[in-house]
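A.B. asks: Structure below; questions to follow.
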Amino acid sequence: MPSSSRCGRPSACRSRPRSRKAVPTVSLDAFLAEIESLRADAVAALGVVADEASLEQARIEFLGAKSGRLKSIQKMLGGLSVAERPAAGKHFNDAKQAITAALEAAQGRLAGTAAEADAIDVTLPGDPLRLGHLHPITQTIRRVQEIMSRLGFESVDGPEVEDQWHNFEALAIGAEHPARDPLDNFYLAVARGADPLLLRSQTSTVQIRVMEQRKPPLRIVSLGRVYRPDTADATHYPMFHQVEGLLVEQGTTMAHLKSVLRLFASSFLGGDVHVRFRPSFFPFTEPSVEVDMEWGGRWIEMGGAGMVDPAVLAAVGYDPDQVSGFAFGLGVERIAARRYGVADIRDFYRNDVRFLEQF
Ligand code: PHE
C-alpha cells in the first residue's frame, strides 16, 4: 500500500494514471491525518498572508480546482472502503469549510487594509478653502452707501425692468425725445397692446418711485444696474451702475448740491477733491450740469446733476412753489476706476481672478 503522504502532494497524484481503478486504497486514519494536516497548513498560511499575491498563491495551493491540495485529498476518498466514506466525507467537508472561511477572512482583512489606506485621516490638516471677497463694484456700492448715509441719505432700491412713465415720462422725457429711441434702449418683448417695458437706462427712475410714495423732506440714494446698448470699450459697457442722489427740502439750492458732492468725493477718494460744474441739459433738472471731479491732478467727468425740474415735482404731486430739490447721477464704474486706478472698465466684468484678487 503506498503511503498516504505520497498522494498528499499534487505532484505525486498527478504522476499517477487518472483512471478510477488506479486510486490506491487508503485507511481512514491515514485519510484523517492527511485532511487535518491540510487544514492546519491552510489555516496557518491564510492567517498570515499580507498581500494580494500571496493570498492568490495560497488559494491555488489549497483550494485550486485542478491540483490544489484539497482536490488531491478529495481524490483519496475513492480509496476508502464504502463503509468509511460517510465519516471521511464529513471530515473532508468540515475541512473544506474551515479553509474557505480562512480564505474569506484573509480576503476581508486585505480589503480592510486597502480601505484603511484610502480612508481619510481626519487628524491631518485640511486643504484650506479659497475664500473670495466682494466684487470691487459691490465694495464701491457699499462704500458709497455708507458715506451717503453719514450725510443723511437713505439707501433705496428700484426695479431694473421699468415702464415708460418712470424711465421717461415722469422725468419730462417726452415721446419725441431721442433718449427713447429703441436703438438706445433695451425694450422688452411684451404682449400686443401692453404698455412697453424696458431695462431701465438710468437710476433717475427711483427718484420718481420714491417721490410718488413719500412726502418731502427727502434724502435718498439709489445704487444699481442700468442698461444701454452701447458697444463695450474702455469707458462703456452695455450694463453699468449708477448712484442716484435726491434731496428735496424747502430752500434747497445748487450750493447744497455742490457741497454734498464735494463731501462725498473727498470721503470716497480721500483728500481734497475739487468739484466742477459745467452747464448741461437734462429734461428732468433745471438748471442742469455735468459734474467733473479733480483728484490727483486729473479732471474726470463723473456724471450729471441739477435742480429737480418743477415739472417733475408736479408730476409726482409735489407743489413746486413749496419745495425744491437737487438730484445727481454718477457712474459707479467711473468712480471705482478713478479710485482704484483701473484703466478699462471692462476689466470689472471679465471675471479674471488675477484682476479681482487685487481689491
Ligand atoms: N440720469 C442721468 C443720466 O443717466 C444723470 C442725472 C441724474 C442727471 C440726476 C441729473 C440728475 O445721464
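A.B. asks: Mind pulling the angle between the C-alpha long axis of helix 28-48 and the longest principal axis of the chain? Nearest 10 degrees, somewhere in 0 to 90.
C.D. replies: Computed tilt is about 20 degrees.
A.B. asks: Have a look at D272, D181, D127 and tell me which one the Gaussian network model of the chain (Cα, springs below 10 Å) gives the largest fluctuation.
C.D. replies: D127
A.B. asks: With everything on Cα atoms, drop me the angle between helix 52-63 and the longest principal axis of the chain, reported from 0 to 90° to the nearest 10.
C.D. replies: 30 degrees
A.B. asks: Mind listing which trypsin sites (Lys or Arg not before Pro) in the stretch 162-242 are in a DSSP loop and have 12 or fewer other Cβ atoms within 10 Å?
C.D. replies: Working: sites: R180, R192, R200, R209, R214, R219, R225; in loops: R192, R200, R214.
Passing both the DSSP loop test and the Cβ count: R192.
A.B. asks: Can you compute the charge dipole magnitude of the stretch 25-118 about its Cα centre, using +1 on each Lys and Arg Cβ and -1 on each Asp and Glu Cβ, nothing else charged? Give it in debye, rounded to the nearest 20.
C.D. replies: Working: 10 positive and 13 negative charges, 101 e Å.
In debye, rounded to 20, the stretch 25-118 gives about 480.
A.B. asks: Sticking with this one: Please list, by residue number, every one of the GluC sites (Glu not before Pro) in the stretch 136-227 that is coil in DSSP and has at most 13 other beta-carbon atoms within 10 Å.
C.D. replies: Numbers: sites: E146, E154, E160, E162, E169, E176, E212; in loops: E160, E176.
Those satisfying the criteria are E176.
A.B. asks: What length, rounded to one decimal in nm, is gained on full extension from D184 through to V122, with 0.36 nm per residue of separation minus their alpha-carbon distance?
C.D. replies: Details: separation 62, 0.36 × 62 = 22.32 nm, distance 5.89 nm.
Result: 16.4 nm gained on full extension.
A.B. asks: Order of 349-359, 80-90, 243-253 by packing, highest average Cβ count within 10 Å first? Before the final figure, lay out the partial values.
C.D. replies: Working: 349-359: 11.3, 80-90: 13.0, 243-253: 18.8.
The most tightly packed comes first, giving 243-253, 80-90, 349-359.
A.B. asks: Could you please put T100, T123, T235 in sequence from largest to smallest accessible area, using a 1.4 Å probe? Kindly include the intermediate steps, with their values, before the conclusion.
C.D. replies: Details: T100 45, T123 115, T235 75 Å².
I get T123, T235, T100, largest accessible area first.
A.B. asks: Please list, or write none, the lysines whose alpha carbon is within less than 19 Å of the alpha carbon of K66, excluding same-chain residues fewer than 8 places away.
C.D. replies: K75, K96
A.B. asks: Could you tell me whether the stretch 25-118 comes out rounded, prolate or oblate from its Cα gyration tensor? Rule is a ≥ b ≥ c as square roots of the eigenvalues, rounded for a/c under 1.5, then prolate if a/b exceeds b/c, otherwise oblate.
C.D. replies: Numbers: a/c = 3.30, a/b = 2.72, b/c = 1.21.
Prolate.
A.B. asks: In terms of the Cα gyration tensor, with a ≥ b ≥ c the square roots of its eigenvalues, is the chain rounded because a/c is under 1.5, prolate because a/b exceeds b/c, or oblate? Write down the numbers at each step before the final one.
C.D. replies: Details: a/c = 5.56, a/b = 4.29, b/c = 1.30.
Because a/c hits 1.5 or more and a/b exceeds b/c, the chain counts as prolate.
A.B. asks: Let me ask another. When the dipole is taken about the Cα centre of the chain, and only Lys, Arg (+1) and Asp, Glu (-1) are charged at their Cβ, what size is it in debye, to the nearest 20? Please list the in-between numbers first.
C.D. replies: Numbers: 41 positive and 45 negative charges, 645 e Å.
So the magnitude is around 3100 debye.
A.B. asks: Once a ≥ b ≥ c are taken as the square roots of the eigenvalues of the Cα gyration tensor of the stretch 247-301, is the result rounded (a/c under 1.5), prolate (a/b larger than b/c) or oblate (a/b not larger than b/c)?
C.D. replies: On the way: a/c = 3.00, a/b = 1.46, b/c = 2.06.
Verdict is oblate for the stretch 247-301.
A.B. asks: Using modelled amide H (1.01 Å from N, peptide plane; none on Pro or chain starts), what sits under 5 Å from the amide H of T285, excluding residues fewer than 5 places away?
C.D. replies: HN-HN under 5 Å from T285: D309.
A.B. asks: Could you give the angle, 0 to 90 degrees to the nearest 10, between helix 204-213's Cα long axis and the longest principal axis of the Cα atoms of the chain?
C.D. replies: Compared with the principal axis, the helix lies near 80 degrees.
A.B. asks: Can you run phi through the Karplus equation (6.51, -1.76, 1.60; θ = phi - 60°) for the stretch 151-167 and list ³J(HN,Hα) in whole Hz, with x for Gly and Pro?
C.D. replies: Once θ is set to phi - 60°, the couplings for the stretch 151-167 become 8, x, 9, 7, 8, 10, 10, x, x, 8, 9, 10, 9, 5, 4, 6, 7 Hz.
A.B. asks: While we're here: Can you list residues whose amide H is under 5 Å from G304's amide H, if they're 5+ apart or on another chain and H is modeled 1.01 Å from N?
C.D. replies: Excluding prolines and chain starts, which carry no amide H, the hits are V291, G329.
A.B. asks: Gain in length, H135 to I300, computed as 0.36 nm per residue apart minus the alpha-carbon separation, to one decimal in nm? It would help to have the intermediate numbers written out before the result.
C.D. replies: Details: separation 165, 0.36 × 165 = 59.40 nm, distance 2.30 nm.
Full-extension gain reported as 57.1 nm.
A.B. asks: What's the carbon and sulfur percent of the chain's accessible surface, probe 1.4 angstrom, rounded to a whole number? Before the final figure, lay out each step's value.
C.D. replies: Numbers: 10740 of 19610 Å².
Ligands and nucleic acids excluded, carbon and sulfur reach 55 percent.
A.B. asks: Okay, next question. Each residue of the stretch 120-131 in order: what ³J(HN,Hα) in whole Hz does its phi give by Karplus 6.51 cos²θ - 1.76 cosθ + 1.60, θ = phi - 60°, with x for Gly and Pro?
C.D. replies: 6, 8, 6, 8, 6, x, x, 6, x, 6, 7, 8
A.B. asks: Can you give the FRET efficiency to the nearest 0.05 for E146 and A194, using r as the Cβ-Cβ distance and R₀ = 45 Å? Walk me through the numbers on the way to the answer.
C.D. replies: On the way: r = 40 Å, r/R0 = 0.89.
E(calc), rounded to 0.05, equals 0.65.
A.B. asks: A further question on this structure: Using Cα pairs closer than 8 Å and at least 6 residues apart in sequence, work out the relative contact order for the chain, in percent.
C.D. replies: Values: 530 pairs, mean separation 45.8, N = 359.
RCO, the chain: 13 percent.
The values are calculated or read from the model by the stated rules, or taken from the named source; none is laboratory data. Since we're looking at a predicted model, the values are computed, not measured. Ideal geometry is used to build each Cβ from the backbone, glycine not excepted, and the neighbour counts take in all protein chains shown. Only protein heavy atoms, including side chains, enter the accessible area calculation; ligands, DNA and RNA are left aside. Shrake-Rupley method; radii C 1.70, N 1.55, O 1.52, S 1.80 Å.
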